[in-house]
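See below for the structure under consideration.
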Amino acid sequence: MKQKASKITVKAAKSKHVDKKRLLKTFGLLLGLIILVALGLFLIQQYNSKYPAEGIAGKAYADLSAEQKQGYNVCYKEGKCAALLSTAQQTKNYAEYRTCSKGCYSQALAQKPEDFYCTDSDGVNFTNKGIVTSYFYPRGKEDYCLEINGKNYLFEGKCAGNKAIFVQKNCGEMGSYGCEGGKCVEMHPTFNSILQEPISQEWINQFNADFKIEFKAYVPIIEYPDGGWGWDETNKIEFTAEEKDILTKALYKAVYSMSRVDSYFTKPLPWTSSQSYYSWLKNSVGTIIFYADPNSLNSAPPGKIRLNGYNIINNVNNGMLTTWFNQDLNSPNIGQGIMLLITILTHEARHNDKIKHVSCKNSNNMDENLKTMGAHGVNVMLRHWMKYLLPAELVQSAYDEKVDWMFQHDSFLDRMCSLDPIAKTLEQDDLDWVEDVSGHPLDFNPDIMWTVEFNNELNKNTTLWAVK
Ligand SMILES: [Zn+2]
């Protein structure tokens, strides 16, 4: 038993010795491994700092100078690294992407300030599409439009310190301009969009300074059995504050809208002595009086024009301020557009230029011919100008067919003594004159316009040209 025990002790001592040796060996190996791993990590870190695999991310990119970053970004974009990255994300093979990104990084690091150059074809010219060529854009980069938060901006390239930079420009600051094809271009409105434009307080203040508006109540007359008479104050008709507001706003809308269209005419209207429509109206109209007499006629006593207020209110209630022309082509008296009020204003204001009607064809409400530019004739010319002397974008808006329609049906040509309803011709002298002043022949369709029967009565259906 004793022997056995000592044997065991020897064995244990022997095994203890072996364990120590093995431990030492393992520790050595481990230490070596740790050193190796550390060295590996160090090398990888060194490698990565020189060639980042992460594209534009990472510390390596952050450490680049602003110019180097720009160089890197341009290279990244033009070298299609971004496209390679999205491919790599699908295939899980990043080799090509890394090569691209690394190449750009090396290139960016190698940039020297003396290499920079920049040329700009147009300088800072917002209305021209220029191209900037620089170290970063060797193939050139053009001015471009970009939508940001729903607004379209111009990015105008220019050179600064031998480098290309792109300045963000809101074309709207130049007036009715927008960005199109890398430049600010004038945006032509449509007839419809003009009606939707808000009228500024400045414009209204100017209008109120230039035009005088009055409202006149209607007091009927009472005739007494003894032959005397008096004012029937109990049946007096007076505009309410709300009605006055409707009339004032309708007037603003008509003059504002016509002035906007006028600003696009390629030639001034022929009767305005080269003034704008607004200036002509201001100089001719004087005071505008809205009459509350429901049976009153529009007219132009010297220095004033008088308008039937309730006719206008009725038209406003039928949508006059939201459309240019009659809303129903087949029913000329339904849904009058703003053109009706413009027509009345133009007609009456023209009378204040000391232009009177003449008598012919059993009517005293006629113009001799177009050439005299009478109160009917100017409305023919206004439509002719709207059809032929506006930018195509404006005329060819949603309403162009109605311009045609209005011209042919609503043209007042049949108020010309120079029109021969039997021969269906307008005097050649008149036709020549129109072509001469406008550069365009008159839109003259003899098959359409012979609908008005001439008589001595003022045309009661239309309530428009009931004028003296
Ligand atoms: Zn008249």
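Read the figures in this text as sums done on the coordinates, not as results from a lab. Nothing here was measured: the structure is a model prediction, and the numbers come from that model. Cβ placement follows ideal geometry from the backbone for every residue including glycine, while neighbour counts extend to all protein chains displayed.
Here the Karplus relation 6.51 cos²θ - 1.76 cosθ + 1.60, evaluated at θ = phi - 60°, turns the backbone of region 169-174 into coupling constants of 10, 8, 4, x, 5, 8 Hz, with x for every Gly and Pro. Based on C-alpha pairs under 8 angstrom that are at least 6 apart in sequence, region 191-438 has a relative contact order of 17 percent. Summary of the geometry: region 331-383 and region 104-159, compared by the centres of their Cα atoms, lie 57 Å apart. Quick one: in region 51-111, what % of C-alpha pairs are over 15 Å apart? Cα-Cα pairs of region 51-111 separated by over 15 Å account for 41 percent. In a simple Cβ point-charge model (Lys, Arg +1; Asp, Glu -1; nothing else charged), region 115-186 has a dipole of about 160 debye relative to its Cα centre. Can you list the residues, at least 5 places off or on another chain, whose amide H is less than 5 Å from the amide H of Ile222, using H built in the peptide plane? The answer is Gly230, Trp231, Asp232. Evaluated at q = 0.08, 0.13 Å⁻¹, a Debye calculation over the C-alpha positions of region 191-438 (equal weights, vacuum) places log10 I(q)/I(0) at -0.34, -0.86. Rounded to the nearest whole Hz, the Karplus-based 3J(HN,Hα) values (6.51 cos²θ - 1.76 cosθ + 1.60, θ = phi - 60°) of region 374-383 follow the sequence x, 5, 7, x, 5, 6, 5, 5, 4, 5, with x at glycine and proline.
Sequence-ordered 3J(HN,Hα) estimates for region 69-85 from the Karplus curve with 6.51, -1.76 and 1.60 and θ = phi - 60° stand at 4, 4, x, 4, 5, 5, 4, 4, 6, 6, x, 6, 4, 4, 5, 5, 5 Hz, glycine and proline given as x. Pairs exceeding a 21 Å alpha-carbon distance, out of Lys151/Lys249; Lys249/Lys387; Lys212/Lys356; Lys69/Lys163; Lys354/Lys424: Lys151/Lys249; Lys249/Lys387; Lys212/Lys356; Lys354/Lys424. Would you mind counting up the charge near Lys212? Only other residues with Cβ under 15 Å from its Cβ, with Lys and Arg at +1 and Asp and Glu at -1. Its environment carries a net charge of +2.
Relative contact order, whole percent, for region 115-186 stands at 31, derived from Cα pairs under 8 Å and 6 or more residues apart. Based on the reciprocal of the average 1/r between different C-alpha atoms, the Kirkwood radius for region 115-186 equals 12.1 Å. The relative contact order of region 119-246 comes to 16 percent, based on Cα pairs under 8 Å that sit 6 or more residues apart. Less than 5 angstrom separates the built amide H of Leu442 from those of Glu435, all sequence-distant by 5 or more or on a different chain.
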